[in-house]
Amino acid sequence: MKWKLLTLLVLIITTIVVISSCFTKSSGDKLPEIVSFNFHIRPILSDKCFKCHGPDVNKRQGQFRLDIPDSAFAPLKETKGAFALVPGKPEESELYKRISSTDTSYMMPDPDSHLGALTEYEIKLFKKWIQQGAHYETHWAFTAPKKIPLPHVSDKDPIAIGWVKNEIDYFILQKLDERNLSPNEEADKERLLKRVSLDITGLPPSVELMDKFLNDKSANAYEKVVDELMNMPQYGEKMAVHWLDVARYADSYGYQDDNIRTQWPWRDWVIHAFNKNIPYDQFLTWQIAGDMLPNATKEQILATGFFRNHKYTEEGGVIDEEYRIEYLLDKTKTFGKGILGLTIECAQCHDHKYDPFKQKDYYSLLAFFNNTKEKGYEGDVSQSKPAKKPLINISDEDVKTVLSFINKKDTGTMTVSVMNEDTLRKTFILSRGVYNMPTTEVQPGAIPAVMKFENKFPRNRMGLAQWTVDRRNPLTARVFVNQLWQEIFGRGIVKTTGDFGMQGELPSHPELLDWLAVDFMESGWNIKKLVKKILLSATYRQSAKTTDDKLKKDPENIYLSHGPRTRLNAEFIRDMVLASSGLLNKTIGGPSVKPYQPKGMWEAATSGRGVLATYKQDEGDALYRRGMYTFIKLTVPPPSMIMFDASNRDQCEVKRLKTNTPLQALIMMNDPTVLEASRVLAQKLQGESSTPEEKITKAFRLIVCRKPSDKELSILKKYYDEQLQMFRQKKLDAMTTIKEGEYPLNEKLDLNVSAAIMKVVNTIYNLEEAITKT
Amino acid sequence: VRGVDGNIKIIFMQKEILEHGLNINRRRFLSRLSLGIGSVALGSLLIPDLFGGGSEEELAVTGLPHFAPRAKRIIYLFQNGAPSQLDLFDYKPKLNEMFGQELPASVRMGQRLTGMTADQKKFPLAGSYFKFNQYGEHRMWFSELLPHIAAIADDLCVIKTLHTEAINHDPALTFFQTGAQVGNRPSMGAWLSYGLGSENKNLPAFCVLLSKGKGNGQGVYSKLWTNGFLDSIHQGVQFSSRENPVLYLNNPEGIDKEDRRKMLDNLSALNEESYKEFDDPEIHTKIQQYEMAYRMQTAVPEITDMSKEPEDTIKLYGPDCLIPGTYAANCLLARKLSENGVRFVQLYHQGWDGHGNLPGEIRGQCMDTDRASAGLITDLKQRGLLDETLVIWGGEFGRTNYCQGELKKDNYGRDHHPRCFTVWMAGGGVKPGVYGETDEFGYNIAENPVHVHDFHATILHLMGLNHEQLTFKHLGRRYRLTDVFGKVVNGLMA
C-alpha cells in the first residue's frame, strides 16, 4: 500500500518536473539562429560524452574522443567507413544517429553510464549544428577576453530611456530586451543606502548617514555616499571576508587535536591590502611569491601566508611525507580554484575528464610549491607551536614600522607560517595521486591549456605569479571580477564561480564579463575602481521588487530585471545586530575572539588535548567584535556562523550557499547575542525623550534601515502596548526577560518598559528584511 | 492522493496545476527542480506542506528511492577511535598460542605502519586477554566483554572483513563518513537526507549525538556530519539529551510558548507586508522556517524527555540511560528520534583508541556500551521497528594483532590496523550471520572482503538507493558517496 503510494508520488513528481520545465527553460524550445559550439554544443558534449570520449586517455572508449576536432572528424576506428561528424549531414553522422536512437545497444550515451539520454531539444541542437557545418571553437574561458563595443540598446522601451548609468547597463539591457523583460527603476533611497552600505562595509548605515543621504538632493548624492563608504576602514574588512574563504583562513590547525595557531597577522594584512587598494596583480604576486621579490619586505613575505593557511596534522603516528604531499595538493587546489576558477585537482589522479589538463600538468603546477622545507609532521600536539616552518618572526619593532597594520597588543616576538624557497626538490607524477607512488619527474610549469608558460617566466613561484597576472592570462581577471560580481549580486556572471572549465556553467553575460575583465586590467587591476563601477550602475541600483511576469520568465533573476535581494552572510548578520544596537566594537584586526557560544560544544568533540579543549569565552569589549573575528576552530567552527552558511574553512571555497532553515530562525529568536542587543538597544531608546512610536521607528530604522510603514508601525505599537500591560500586570516577568548578556543593565529605568521595548526590538531583528539586502 | 486510481488523479492534478497555477512557493521550488534529484527531498525538508494535500502520509513520502527500500531509517553507532576486533569479535586462538612471538613477515607483507609503531624493533603477537564463547544459531564468537550483544547474536550480521586505506583517525573517520579521506564532501547522513528527504515535519532528517567513554579519545569533527556541497538543510543537527537538546532551541527564560506564538504571529504579519511589496518567495520560505522552528520547540523536548519511559525500557538500556550525555542515553534518544521519523541518527562514542592499557580501557568502554547497544536492538524489535531500521555498530579501522609497547599477559596495546576489522549490522534487510573471514593471525582477509566503498554502496542499497545514481553535480563533476568505486555486497542482505 505504502509502496503504491510512493509510486504514485513519483509519478506526480515526474509530472511536476515536466510542467516545471516550462518555467525554467525561458529560452523555450526555439532553436537559436546560429548554434554555437561553445554555448550550445560543448556543454552537452562535456556533460554527456567526455567521460568516455574526452581528454582522459585511460577511460577513453573505442579510441574515440570528441573534445578535439581532429579525432571527432576522423574516420571511426570501430565502425568502418563511418564518421562521427559529417559537416552538413546529420543523417550521415554516427554521433547524431546514436544520440537520436532508442536502441539500447546502439544509443549514446550508453545506458550503463547512467549519464542519461539527451533531451529532444538537445538532439535538435546537434542536428542544426551539424547542418551548419559542425564548427569547433576553443573553450571560451581559455581565450583572452576582449572588449567589444557596447551593444546597441532598443530605444523603444520607455523604461530603458534614461535608465542607463554606465557601460554595465548596456550589456544588461541587451539581454533583458531579448527576453522581453524590463529593468526596474532605482530603489528608494533608504533601501539603496542599506544595500550599498552592506556591500561596501558589511555594516548597516548609521542613522546620521541615512539622514544625510535622504536630505542630499544633489544629482551625485549617491556617488558621494559610495565614496564616503569606500573610504571607511570597514571596507577592507568586508572585502576580506570573501578572501578568507578563498584562503581557508582559520585559527586552529584542524585534524584531530586541532590546536591553536597564529595566522591572524596574515588576515590583518588582507584587510590592510584592500583598504590600501593594492592592485589585484600585486595582491596576488605578493601572496604567491612575495618572499621572492627583490629585497622582499616583511609585508611581502607575510602575504605568502596565503599558502600556509591550510590544515596541519598533529596526530601522533602519521607519516610525514603523506601529509607533506597532502599540503601540496591543498595549495595547488586553492591556487586552481580560488585564483583561476578551475577544477585542476581533478587531474591529481588521472588526466582531467573534461578539461584539457593532463595529470602531468597538475604535478607541474604542484612543483612550484614543492621547494620549501615544510614538513608533513612537526610533532604531536604536545609540541605544538603557533606557526610551522618556514616562518617569519614579527617583532614589536616591525609592528611599529613596516607592519603597522598588525593589531598586536602583547609584547614579544610572534611567528607566522609563510612560504620560503629554501630547498630544491624533485617533483614526480604520483600514480593515482598516492604520495608514495612517484612515477615520472616533472618540471615546474603552469597549465598550458590556459596559457603557455613561456621561457621568459622563471620556473619558480615568481614565474607562476608573473604567469598568473600576465595580461594575456585569460582567467585571472575574469575569475576575480566574477567573484566580486557574485558577492554583490548573489550570483556570478558565471554561476559556477569555482569552475570556468567545460563543465562549468556558461556566463549569462559573456561580453559583459569580458568587458569588465579587460577594463579591470586596463585600470591597473584597480579593485576599488571596479567595485565602484558596479555599484554606480543602474543595474545595481534597481529596486528589488519583482513581479509574476519576472518570476515566470527568470525565476533566478539571472538577467537582472530587478535588483539583488539576498540574505546577509553569517558574519554580517552578527555585525548588523551589534552595530544597530550600538554594541559593536569597531577594533580592526588582532587575535580572534570567543564570543557567546552554546555551552559544551568544544568539550563534547575534543580529544582533550591542546589548549582548545575547552571554550574560554571572552569578556567585555571582546564580546562585541565583528563576526569575521570570531575564533574559527576547524573541528568545531562557530555554530551560529555555520548555520548561516559560513565556510567551515576546511578547504578553499569561492561561493557560499544561501539557505533558509529552521535553525536560523532559532538563532535569531534565542541567541544571547541577539537578545542582549535587543535589550541594550531597548534601554538606549528608553533613555531618549521620545514617544513609544518614535522609539519603535528609530529601532526599525537602525535595524531595517528604513522608516516603518504605518501598518508596520501599528502592528509593532500594538504588540508593545500588549507586552507592557503584561509586564505591568506581572503576567510576564520583566526582570527575567531582560537579564540576557553581560552588558550592564540600567536598573534605574522602568524595567517593565525596558522589557516591552526589548520584545519589540527582538521582533524587528527577526524580520526577514532585517537580514536581507533589499 | 490516497489509494485511488493514479492516472485519473494525476490528470486531475495536472489540470488543477495548469488552471490555477502553482502557488508561489511551489513555483519557486520547482524552478529549482532543474537541479535534478534531491530537489524533491529538499522541498520536503524546506516546506513540509509543499505538496499540498496535507495528509500525513503524503507529507511523509516525498523522497525518490530508486527501488523498494529494505530499511527506512538508519541508526549508526559509531565507535570512534577503533575498537579492537581481536578482543571483541574476531577470535584468534593462534595469537594466544604464539603469544609474544614475532609477527611473521609473510603475514605482514610490508603493510605500512603508523609512525607510532614504525620504529618498533619487534612486533610480538598479542593474543587476547579475554575469554571467547560461541552464541546463537550461527555459533558466533564474542568475548566476555559483550554479554548483552552476544545475547542478541541471532539478530546480527557480523562483518569481519571491513577494510580501509586510511591508517590515522582523522582521515579514516572522514572516509567512513563521507567516502573520501579529505575534501569536505557530504556525509552519509547528508546524502540520505538529500536523496530521501524527511519522514516528518517537526524534526531534522539527520541528527548527531556525541558521547565519550573513559578510554583514550580521539575527538570528533563537525565535518563528519557536514552537508559539504549539498544544501545546508542536509547538515547533521547535533542533538543531546542535555538541557538544551538542539542549539538555540530553548526560548529564553521569561518567554513561554504562548508568548512565542504571539511574537511569531506579529512577525508573520510584518513579513507578509514585505512580501506584498517585493513578491520574493524567499520571504514565504522564511515564514515557513519560523513555523518549523516553533514546531521543533514542542517536538524536541517531548522526544528528549526520558522521564516518561517505562521501567522495562530503562532496564533494556541500563540505568545510565537516564544520565544525559551518556552513550546509553544517546541510544535511547536515537530510538526515539528514529521512531519519530528521523532518517539518519548518527552517534559517536569516543574512547576506543587502545594504544596502551588496552585490556583495562576496553573493559570500561564495553561496560559503557554493551548493554545499551543490545538494548537498542531489542527495543526496536519489541516495537516492530527493527525490520525497517538499519542499525550499524563499528569504528573507523581495526587494531593490530601485535603489541604496541610492552607486552604482558594482562596488559598490552594495539596500533591501528586498516586491513581487516569487524563491524556489525542489525535490522532493515540485513542477513544475520557472519560474513567474511580473516586469516588465522587476524591480520589479513582470507575471504569476502568488504571495502568501505562497498559498505556504503550496500547501505544505500538497503535504503532503496542506487549508489551510482545518487549523485550531485558540483564544480563540473557528478559526486557520489562512493566516489567512483563500490559494489553492493549481496551476501550481507537477507
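The values are calculated or read from the model by the stated rules, or taken from the named source; none is laboratory data. Fair warning: this is a prediction, and the values are worked out from it, not measured in the lab. Every residue, glycine among them, receives a Cβ derived from its backbone with ideal geometry; neighbour counts consider all protein chains shown.
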*Of the numbered conditions (1) assigned to a helix (DSSP H, G or I); (2) modelled with pLDDT of 85 or more; (3) surrounded by fewer than 17 Cβ atoms within 10 Å (Cβ to Cβ), A:I44 satisfies every one except a single condition; which is it?*
(3)
*facing another protein chain (nearest Cβ under 10 Å), over 20 Å from the mean Cα position of the chain (by Cα) and at negative phi - does that describe any residue in region B:221-243?*
yes
*Among B:T471, B:T438, which is polar (S, T, N, Q) and at pLDDT 95 or above?*
B:T438
_Step by step: first the residues of region A:599-617, then only those that are without any contact (Cβ under 8 Å) to a residue 40 or more places away in the chain and assigned to a loop (DSSP other than H, G, I, E, B), then the one that is farthest from the other protein chains (Cβ to nearest Cβ). Which residue is that?_
A:K616
*Do we have B:E291 as in a helix (DSSP H, G or I), surrounded by fewer than 19 Cβ atoms within 10 Å (Cβ to Cβ) and within 14 Å of another protein chain (Cβ to nearest Cβ) here?*
yes
_Can you tell me which of (1) facing chain A (nearest Cβ under 7 Å); (2) surrounded by fewer than 20 Cβ atoms within 10 Å (Cβ to Cβ); (3) at pLDDT below 90 is the one B:D280 doesn't meet?_
(2)
*Looking at region B:314-332, is at least one residue within 14 Å of chain A (Cβ to nearest Cβ), hydrophobic (A, V, I, L, M, F, W, C) and assigned to a helix (DSSP H, G or I)?*
yes
*What residue, among those in region B:294-313 that are surrounded by fewer than 16 Cβ atoms within 10 Å (Cβ to Cβ) and in a loop (DSSP other than H, G, I, E, B), is nearest to the chain's Cα centre (by Cα)?*
B:D305
*Kindly state which helices (runs of 4 or more DSSP H) lie completely within region A:482-585 and contain at least 3 residues that are away from chain B (no Cβ under 14 Å), under 30 Å from A:A622 (Cα atoms) and under 22 Å from the mean Cα position of the chain (by Cα).*
A:570-581
*asked:* Restricting to region B:454-489, give me the number of residues that are part of a strand (DSSP E or B) and either in contact with a strand residue (DSSP E or B) (Cβ under 6 Å, 6 or more places away or on another chain) or touching a residue at least 12 places away in the same chain (Cβ under 8 Å) (or both).
replied: 4
*If B:Q120 satisfies every condition in (1) surrounded by fewer than 18 Cβ atoms within 10 Å (Cβ to Cβ); (2) polar (S, T, N, Q); (3) at pLDDT 90 or above but one, which is the exception?*
(3)
*Could you grab me the full set of residues in region A:388-420 that are out of contact with any Lys or Arg (no Cβ under 7 Å at 6 or more places or on another chain) and among the small types (G, A, S)?*
A:S395, A:S404, A:G412
*Would a scan of region A:618-635 turn up a residue that is surrounded by fewer than 24 Cβ atoms within 10 Å (Cβ to Cβ) and facing another protein chain (nearest Cβ under 9 Å)?*
yes
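Okay, residues lined up against (1) more than 8 Å from chain B (Cβ to nearest Cβ); (2) of a type outside the set (K, R); (3) more than 23 Å from B:H284 (Cβ to Cβ):
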| position | (1), (2), (3) |
| --- | --- |
| A:C705 | yes, yes, no |
| A:K730 | yes, no, yes |
| A:N746 | yes, yes, yes |
| A:S754 | yes, yes, yes |
| A:N762 | no, yes, no |
*For region A:209-243, how many residues are assigned to a helix (DSSP H, G or I), under 19 Å from A:A579 (Cα atoms) and of a type in the set (S, T, N, Q)?*
1
*Is it fair to say A:Y615 is of a type outside the set (G, A, S), at pLDDT 95 or above and crowded, with 24+ Cβ neighbours inside 10 Å?*
no
*asked:* Being more than 9 Å from every other protein chain (Cβ to nearest Cβ) and in a loop (DSSP other than H, G, I, E, B) is the filter here; which residues of region A:312-329 pass it?
replied: A:Y312, A:E314
*Using the structure shown, decide if B:T285 is farther than 27 Å from B:Q350 by Cβ, in contact (Cβ under 8 Å) with a residue 60 or more places away in the chain, more than 12 Å from chain A (Cβ to nearest Cβ) and not in a loop (DSSP other than H, G, I, E, B).*
no
*In the set B:G179, B:G189, B:G213, which member is at positive phi, more than 11 Å from every other protein chain (Cβ to nearest Cβ) and either touching a His at 6+ places or on another chain (Cβ under 7 Å) or modelled with pLDDT of 90 or more (or both)?*
B:G179
*asked:* Scan region A:587-604 and tell me whether some residue there is within 27 Å of the chain's Cα centre (by Cα) and closer than 22 Å to A:K773 by Cβ.
replied: no
